[in-house]
Amino acid sequence: MRPRLNTTPGSRAHAYGAVEWGLLAATALIWGSSFIFVAEALESFRPPVIAASRLILGFLVLAAFPPARRPVARRDWPTIAVLGVIWMAIPLLLIPTAQQWIASSLAAMINGAVPLFAALIAAIMLSRAPGKIQLLGLAIGFTGVALISLGGDGSGTQLGGVLLMLLASMLEGLAMNVAVPLQQKYGALPVLLRSVGVAAVVTLPIALLSLPSADVQLSSVAAVASIGLLGTGVAYIAMVTLVGRMGATRGAVAIYLMPVVALILGVVVRDETITIGAGLGIILILLGAWLTTRRDSSISE
């Protein structure tokens, strides 16, 4: 069966409430710190091993919740398989691959472009542009991402790594749109569990061919465990729930806050410095996030 790729607006037209802000904060904190964990994991493991390990661990976390095991109609499995590839398997392979050549903070900053791609793809799929306030917020936020990227220390920044991160971001923006109808139909967890399962099956053979030959460090094992249990388990639950409530454009704003977390952790954990441009970028990201989460007047109640 050929999968149908479509999307719908979120179920909530109002501005963010307490629940939405909580989901936003959890997602940003966990995913913002995951880039440092990936850098640590790369000390012992190759990218396919990191990707498959985090997917397997994330699958186990999700499967522990009975609502995630609710049945899904067979006709929707082709779309879920597509999600498993474009949302999970490919991006989670690309991110650690890119981080072999670029700094973890820069990887997070580039990943902050996901809301821009999500908004563009949503406009195409829905044949409707986001509201003026949302467009302004996206523009301001992406400007902040660009400033942070330009204001970084530039260590390990190679074109290949930047391009891989941009590709991962585009695929995530597409997947966020594709996931909305299925999540609203079945709930977040059943779709997420099956998507992660598909991605784990896809990446496992590659991982088995990439098992490390060097000594494995305990810190790298702990980093992979953290990425899998939190980044692919808890954070994805929070993110897909947020996207289902607010829509792909406004839900994806959680990605804006990841560079903020990454920069702070870079200073505290890795002794990185924040330039004036990066500081201004953080302010613009927060302003863009606030504007993008305003009430979407194009959604009727």
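For the listed peptides 169-177, 203-211, 40-48, a ranking on the average number of other beta carbons within 10 Å per residue, highest first, reads 169-177, 40-48, 203-211. A dipole drawn for region 18-292 from +1 and -1 charges on Cβ atoms has a positive end, and of VAL38, VAL49, LEU192 the residue lying farthest that way is LEU192.
The tail of the calculated P(r) for region 18-292, taken as Cα-Cα distances beyond 26 Å, holds 37 percent of the pairs. Across region 285-290, rounded Karplus estimates of 3J(HN,Hα) from the backbone phi angles (6.51 cos²θ - 1.76 cosθ + 1.60, θ = phi - 60°) give 4, 5, 5, x, 4, 5 Hz, Gly and Pro being marked x.
Rule-based calculations on the coordinates, nothing more; no lab input. Quick caveat: nothing in here was measured; it's all calculated off a predicted structure. With ideal geometry, Cβ positions are generated from the backbone for all residues, glycine too; neighbour counts draw on all protein chains shown.
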